[in-house]
Amino acid sequence: MYRSKSNPQVVLRPQDLVVLLRLSLESGLPPTYAVLGAELGLTASEVHAGLERATLAQLARKDKAGKASLVRDALRLYLQHGARYSFPATRGEVTRGIPTGYAAAPLKDKIVQSNEPPPVWPYKGGTVRGEAFHPLYPTVPEAATRNPALYELLVLFDAVRGGSQRERALALQLLDERLAS
């Protein structure tokens, strides 16, 4: 792993959180780096490097064979108290994309929709016009279309990092339920 001589501090990257959220969906053995990479639109080496950073951040651990696994309680705490500050919401102009935050399941049915354009991840294959809400990583929209459960986790995190206080509280409760299992 690259570390600068002038600053050896390791910093989590947005794609690391995407990898960790994807790993939270596993109940058995985690998929290989290559499988995770293909699903998330990352290379196997990007997945590996992300899990190395997550291990240093104590969000993952490695067994004797070197297989990384998620530390669920640490991820829950990070999502509740730190991740939105590490990866703040970045918005843009009205565009076509995929709904996120309060405009997508599982929040869509629990939050009254306003008359303002909904938050969307800019995506050429998207069908909804709304305010650009840039995803954690550029490959997130495609990964979300391949994995509905991951899509819901990413939507909930977007509500945490960019929603109103009510949306954030509901999203944190739903994230906590999903990550507790």
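A short reminder: the numbers here are calculations on the coordinates, not readings from a lab. Small disclaimer: the values here were computed from a predicted structure and weren't measured. Glycine also receives a Cβ, built like all others from the backbone with ideal geometry; neighbour counts cover every protein chain displayed.
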Relative contact order [Cα under 8 Å, 6+ residues apart], the chain, whole percent: 21
Listed residue (79, 122, 155) projecting farthest to the positive dipole end of the chain, Cβ model: 79
Once the Cα gyration tensor of the stretch 88-180 is diagonalised, semi-axes √(5λ) in Å: 19, 15, 11
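For residue 44 and residue 176, calculate 0.36 nm times their separation in residues minus their Cα-Cα distance, and state this gained length in nm to one decimal. Provide the component values of the computation, followed by the final result.
On the way: separation 132, 0.36 × 132 = 47.52 nm, distance 2.83 nm.
Going from the current span to full extension adds 44.7 nm.
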Value of relative contact order over the stretch 14-85, rounded to a whole percent, pairs C-alpha under 8 Å and six or more apart: 26
Burial order of peptide ranges 126-138, 92-104 (average beta-carbon count within 10 Å, highest first): 92-104, 126-138
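If R₀ is 30 angstrom, what is the calculated FRET efficiency for the pair residue 52 and residue 165, using the beta carbon separation as r and rounding to 0.05?
It comes to 0.30.
When averaged across all projection directions, what area in nm² does the alpha-carbon convex hull of the chain cover? Each step should come with its number before you reach the end.
Working: hull surface 43.8 nm².
Computed as one quarter of the Cα hull surface, the answer is 10.9 nm².
Do you know the relative contact order of the stretch 88-180, to the nearest whole percent, from alpha carbon pairs under 8 angstrom that are 6+ apart? Don't jump to the answer; show the numbers that get you there.
On the way: 156 pairs, mean separation 28.6, N = 93.
Once divided by the residue count of the stretch 88-180, the mean separation gives 31 percent.
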Rg/Rh ratio calculated on Cα atoms of the stretch 14-85 (Kirkwood radius): 0.94
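Taking the Cα centre of the stretch 1-114 as the origin, how large is its charge dipole in debye, to the nearest 20, when only Lys and Arg (+1) and Asp and Glu (-1) carry charge on their Cβ atoms?
Numbers: 16 positive and 9 negative charges, 52 e Å.
That gives a dipole near 240 debye.
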R0 of 41 Å, Cβ-Cβ distance residue 27-residue 116: FRET efficiency to nearest 0.05: 0.60
By average C-beta atoms within 10 angstrom, highest first, the peptides 106-115, 170-179, 42-51: 42-51, 170-179, 106-115
